[in-house]
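In what follows, a single structure is set out as structure tokens and then discussed.
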């Protein structure tokens, strides 16, 4: 049995505390009035030549991405246009601009929290889905990793609770992340009225959105609770695989529900940040991003626990298989990224290109760096078969993959919520620390609670005997071949 | 790979088979004479093929005007058939490459025929663009070759050109993969052949396979490398085909989900076709011990899975078309407009064949039944044909200008060519079934001891069964293997 060491516990609690302090600071330091926002704008523009220049650039991109902004929050540009007519370049324009920036700055701590939250929640969810897929496929190789995967899904509970809080906070208008939640968007004649969003009110509406969000979380957590309980029951059941077969059937049902809820979740939680924009591929694109991250996290936790001697049955072939999945789904992610980008670029319709225009203009570095990190690095590091069975190589490749997919989610969320006001500072970093701390605490305490080997699984022997033919297991005699 | 197999897994080889039995069973259709059923099937297919060829000659001789096309619907029946056949060609490479990488032993009963199906299906697919050119003798102009025709040069912006590269790459890799796998089995047939002519042919086909350890080592390495190459090809081919539709039907209309959704749809239809073909073949060639209920069930599970992915994609298409709020989306192939419009029958055929019927496979009784699987697989094949037809015909029939609205109706030539390709496909497949080992003999032997029914029973009773590769220790149960 594995013991969750006091050292690691203290470390995770320290991360949580540190993250929490950072989050509180970033919420407290966000501007709360238009005047404060104006001060920040003035401060930005009077900050030396370089900064002035970049600010000019930003302004220019503001002009050039007008289409985007009129998409994202039509009310603003409409307000702007009206004011243009009345008082050309008057005070009102500055006010509207300042209000816009104010909302973006107020969104910043929320968005930072949201990006990390979605990343960690999504990883736990996709580990759960991968685990369910292993059960459904009746795979033999991965049984010794089942308890690792189950432990990681323990993180689904706290992240779901935080998500629930964020959903309720958004529904109570405590932030401006979802532009369609602004006042009057659905009221004809209101200055914020947006006919396009109003046309989707059968889907985009507050009660529906809140209820759907709760339903997604409920379905995922219900399956996790059930399968974890029954997986442990398998160990001692000795009932001629009755429990095992029940778990199989429930997992089939979960995969079915997961395929539906995952797409809908990505429409509601991410695509809804840009309520005018749409892409049919988006749900699966998010899926691919989270799946690569999830597989990387499984590999990381496995490598760590194995190094502590907690997983004696795991050998280099298992690591090799996980790395193959990391490699394969990295390529798959790139495929979907390219498919989405290429088709939107090819059709060149303003309603859809705004998404990439905004990202390419204001987020050029993270946007391009992410493609390199998520595609080029996995290809270079993990193509070679020998490298895939070396834990330290998998770690190097995995760090790049995880960072790359964090940036991917960052670039999905931030342009819609904070626009040009993005940066990577205390709010973003402390949110990451906070969720990492929770992750370490929940995952390793969950792992310590069950037998690291699922004794009752009928495929366990296949997994412990698993030896990929061209891998040499380090630290084993050659007679094991 | 891993030699241990959990007792809970069902056997892959039924009955009390020895190594020699496997060789005998699989070589039998090649060495023996064909039965009456084979000849009936062959002549029907041949007649259909000849009829199709007649229609092709008529088209080429008279012009594309004999098809049901118009200036507004410039392609419909032909591109539908093209994509349908390419899609069918997908399961072969999936079964041989992806399932090889996933170490799925059940693929061994079906991979040879699935690969053959791939190649024959791609032949049929390739016919359509060539005929549609009107001047097929200029077909080589699609290649970017140096030429004396002035400014003639291919358009690299066109997905149709990408098709040329994607499909020809796919065909080459699939062919090499198929042939590599065939080498040891051709050698087996060669060594057993009595007639000198037959011996000559099979020794040419087997490329001088000697069966030495070095041959086998290279064979395994090449198989893995080809599998690694073929896996992205499975994705790329239908991605490119989907882009034919996604970039070029109505100006501006496109859907980003098309690439992965078409790939899933292709695997869905490909498995349905494998199910259809193997349903016939296991009876005709007496392969009941090797193509079992379990194989049928596994294929049905893949069909449910890929069908489910396709269903989610349909739902997404329907949802987003509505969500955009764009009036141009009101009459795409999955929309209320399509359902209530003149193509409502095609819309419902698609949903009934592709979404509702496969749901029957959730019932274990049905998915383990040979006859039900056969019927459902044919329904899915029809449904997948309608998918492509709906995307093309429904979307094109209502362009952006009402003056371009037009309904496509096929002529007898359209239908004749389609039937002809089905005939051609079956002619090739039936010839293959008589001349090629339809199940990989050598690979089947590697799983006999781990997954054969009789060996599984022996293990249950506690009798020793050594791994198949361990020939030295033959005491106990493996005396049968020494017959080889």
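Throughout, read-outs are computed from the coordinates displayed, never taken from laboratory work. Model, not experiment: these values are computed from the prediction. Neighbour counts are summed over all protein chains in view; Cβ atoms, including those assigned to glycine, are modelled from backbone coordinates with ideal geometry.
Data overview
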{"read-out": "For B:282, B:218, order by how many other beta-carbon atoms lie within 10 Å, fewest first", "value": "B:218, B:282"}
{"read-out": "Value at 222 nm in deg cm²/dmol, rounded to 500, when DSSP H runs of n ≥ 4 in chain B each add -39,500 (n - 2.57)", "value": "-20500 deg cm²/dmol"}
{"read-out": "Average beta-carbon neighbours from other chains, 10 Å sphere, peptide B:324-331", "value": "3"}
{"read-out": "Rounded D (µm²/s) - segment B:133-230, Kirkwood Rh over Cα pairs, Stokes-Einstein at 37 °C, 0.692 mPa s", "value": "195 µm²/s"}
{"read-out": "Crossing angle, helix A:316-347 versus chain A [Cα axis fit, 0-90 degrees, rounded to tens]", "value": "30 degrees"}
{"read-out": "Computed lengthening from residue B:57 to residue B:293, 0.36 nm per intervening residue step minus Cα-Cα distance", "value": "80.6 nm"}
{"read-out": "For segment B:174-251, average projected area of the Cα convex hull in nm²", "value": "7.0 nm²"}
{"read-out": "Separation of the residue A:379 and residue B:165 label points, Cα + 7 Å toward Cβ, nm", "value": "1.4 nm"}
{"read-out": "Peptide-level mean, for A:335-343, of C-beta atoms on other protein chains within 10 Å", "value": "5"}
{"read-out": "Among B:32-44, B:435-447, the order from most to least packed when residues are scored by Cβ within 10 Å on average", "value": "B:435-447, B:32-44"}
{"read-out": "Isotropically averaged projected area of segment B:96-149, using the convex hull of Cα atoms (one quarter of hull area), nm²", "value": "5.6 nm²"}
{"read-out": "Sorted by Cβ neighbour density within 10 Å, fewest at the top, the residues B:231, A:302", "value": "B:231, A:302"}
{"read-out": "Burial ranking of peptide ranges A:286-296, A:346-356, A:257-267 (average Cβ count within 10 Å, highest at the top)", "value": "A:286-296, A:257-267, A:346-356"}
{"read-out": "Extent along principal axes [Cα atoms of chain A; Å; largest to smallest]", "value": "85, 48, 45"}
{"read-out": "Residues A:365, B:448 arranged by fewest to most Cβ contacts within 10 Å", "value": "A:365, B:448"}
{"read-out": "Approximate shape of segment A:158-263 as ellipsoid semi-axes (Cα gyration tensor, √5λ), whole Å, largest first", "value": "42, 15, 7"}
{"read-out": "Gyration tensor (alpha-carbon) shape descriptor, the protein assembly as shown, a/c threshold 1.5", "value": "oblate"}
{"read-out": "Crossing angle, helix A:156-171 versus chain A [Cα axis fit, 0-90 degrees, rounded to tens]", "value": "20 degrees"}
{"read-out": "Nearest-ten-degree value, helix B:19-31 long axis tilted from longest Cα axis of chain B", "value": "50 degrees"}
{"read-out": "Cα Rg over Rh - chain B, Kirkwood", "value": "1.00"}
{"read-out": "Distance from segment B:113-168 to segment A:252-296 (C-alpha centre basis), Å", "value": "36 Å"}
{"read-out": "Protection proxy ranking of B:69-80, B:358-369 - average other beta-carbon atoms within 10 Å, highest first", "value": "B:69-80, B:358-369"}
{"read-out": "Residue mean of other protein chain beta carbons inside 10 Å, A:138-146", "value": "2"}
{"read-out": "Descending semi-axes in whole angstrom, ellipsoid equivalent of segment A:367-421, from the Cα gyration tensor", "value": "29, 10, 6"}
